[in-house]
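One structure below.
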Amino acid sequence: MYEDFLREVRRLGNLGHAASVLRWDQEVVMPEEGTGARAEQISTLSTQMHELLTSERMGRWLEELEPRGRREAAVLREVGRRHERAVRVPERLVEEISRTASEAFPEWNRAKREDDFERFAPYLERLVELKRRYAGHVEPDVEPYEVLFQDFEPYLDLRDAEDLLEEMRRGLSPVVEEIGAGGAEPGSPLGEVPEERQMALVIRALELLGFDFARGRLDTSPHPFSTGNQFDARITTRVGSDPLDSLLSAVHEFGHALYTLGLPVDHYATPLGEPRELTVHESQSRLWENHVGRSLAFWRFFTPVLNETFGTDASPGEVYRGVNRVRPHPVRVESDELTYHLHVALRFEIERDLVAGEVEVDEVPGLWNDGMERYLGIRPESDAEGCLQDVHWSHGSFGYFPTYSLGSMMAAQLYASASEEIRGLDDIVERGEFETLSSWLREEVHRHGQVYTTDELVERATGAPLSSEPFLAYVGEKFGELYGF
Ligand code: MG
């Protein structure tokens, strides 16, 4: 009977992976006029998935099956969780949310372009209302924001997450102030670099990091992202004015792809062959982007490659300081490694209060601007560069933002453990022997798929629950030295 259940689970998994390929295609290569047909294709797959997941047969299996061992228990736990959530929410509400979100997205886009919050406000209000209702169906006795947060991070307690984020914010604020007061702002040692050379450097970096191009590919898109499975992991980067940005975006997505490629092949399309949710996934990308890609050891290794590709004459120290420049920016995705998290902290505060009904939609622009001034000492000149900058709310995604910062904390904690367990890790990175770190991550994180919950996974890999300390220690050490405080 378990085998029949598992066959159905794989069907579900395959439909999900098929939808991912369609989404990748839409972002990367589809002609504009394909949008309507593509929406139908994806919605057909979603409906099929919903039917498989909520069927009576599935309900019976989940109720009656007795797991033999830890792995079967994990599969039942994960599918059971999704089933429960899916059956509790009326289909009409799911459709209404999805319809409202598809109407909201172009309105948000236009509101952002025309700097007109009023245009987006009614959609935001409607989405908050609908998501509150959704949360009420899933867990009527739990605070709605917590239910929404669990959609993105089911296995970290929101109270704990909130404490961690607050510790992070309190730890970062004085550091950002200190750096701002010092006025240190090393410029980029590179001039303008043509796009082909930027891409050439990205490809070279991916090869050296060990990206398997037989099971993966690289493309460009305005917003870098990654998708795929253990046989086919795809990443994108953006090329533009800052060649180091296109490189580090690619290194970030490489971290996501390495996770995907490290999942067990035998369990493809079942929870044992799927990654954990956003916090763990983001920890993998941030570890490579920040702890490797923004380290002095990496630049000692990679600067000669960069100079050769660009025909420049930069020194490792110059590039290292360039990629670690701290400067408050009104736009999150343009922000540095530190001030980024103050953006997240602010968005988290506001969306929590919005969902709780403690603030109204029309108060958001003011709250955003005041908050930016409080946390970053800058005031956005427009709502386009203020509360309208990010797309997430137009999708109805509330509770997503905290996972960015939690992912960074997890990255720091994992990297600290890797540094303890791998002797001379810095020297290894400086020699460009990245496979040592990749295999440590594969062993501790990737190969487990969803066998362990997020909290169990961190504790097993690092010997401690998720904490803000390794992140703050890393920040103090690296930026203290860079900026002399
Ligand atoms: Mg990411």
Going residue by residue through the stretch 281-304, is there one that turns out to be free of Cβ contacts under 8 Å to residues at least 40 places away in the same chain, out of contact with any helix residue (DSSP H, G or I) (no Cβ under 8 Å at 6 or more places or on another chain) and not charged (D, E, K, R)?
yes
Give the residues of the stretch 262-291 that are away from the ligand (no atom under 16 Å from the Cβ), of a type in the set (D, E, K, R) and assigned to a helix (DSSP H, G or I), sorted by residue number.
D266
Pairs only if they're at least six apart or on different chains, beta carbon under 6 angstrom, first in the stretch 398-426 and over 17 Å from K478 (Cα atoms), second of a type in the set (F, W, Y) and within 16 Å of the ligand (Cβ to nearest atom); list them, first residue then second.
G399/F152; Y400/F152; T403/F152
Which residues, counting only those in the stretch 118-149, are crowded, with 21+ Cβ neighbours inside 10 Å and either of a type in the set (F, W, Y) or part of a loop (DSSP other than H, G, I, E, B) (or both)?
F120, Y123, Y134, Y145, F149
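Scan R276, R352, R347, R321 and give me the residue that is under 18 Å from R442 (Cα atoms), surrounded by 20 or more Cβ atoms within 10 Å (Cβ to Cβ) and among the basic types (K, R). Even if it seems obvious, please write down each step before you answer.
Values: R352 fails: under 18 Å from R442 (Cα atoms); R347 fails: under 18 Å from R442 (Cα atoms); R321 fails: under 18 Å from R442 (Cα atoms).
R276 is the lone residue from the list that is under 18 Å from R442 (Cα atoms), surrounded by 20 or more Cβ atoms within 10 Å (Cβ to Cβ) and among the basic types (K, R).
Report the residue count in the stretch 242-277 for those that are free of Cβ contacts under 8 Å to residues at least 24 places away in the same chain and closer than 15 Å to H223 by Cα.
Keep residues of the stretch 242-277 that are free of Cβ contacts under 8 Å to residues at least 24 places away in the same chain, which gives 245, 266.
Subset that is closer than 15 Å to H223 by Cα: 245.
Of the residues in that region, 1 qualify.
Can you work out which of the residues in the stretch 238-261 that are of a type in the set (G, A, S) and more than 16 Å from the ligand (Cβ to nearest atom) is farthest from the chain's Cα centre (by Cα)?
Kept after step one, since they are of a type in the set (G, A, S), are these residues of the stretch 238-261: 240-241, 246, 249-250, 255, 257.
Checking which are more than 16 Å from the ligand (Cβ to nearest atom) leaves us with 240-241.
Values: G240: 22, S241: 23 Å.
So the residue we want is S241.
Which of the residues that make up the stretch 196-217 are assigned to a loop (DSSP other than H, G, I, E, B) and buried (at least 21 other Cβ atoms within 10 Å of the Cβ)?
In the first step, residues of the stretch 196-217 are kept if they are assigned to a loop (DSSP other than H, G, I, E, B); the result is 210-215.
The answer is F211, and nothing else.
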Within the stretch 218-237, identify whether any single residue is assigned to a loop (DSSP other than H, G, I, E, B), at pLDDT below 95, more than 12 Å from the ligand (Cβ to nearest atom) and of a type in the set (S, T, Y), and answer yes or no.
yes
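The values are calculated or read from the model by the stated rules, or taken from the named source; none is laboratory data. Model, not experiment: these values are computed from the prediction. Reconstructed Cβ throughout: ideal geometry from the backbone, glycine too, with neighbour counts over all protein chains shown.
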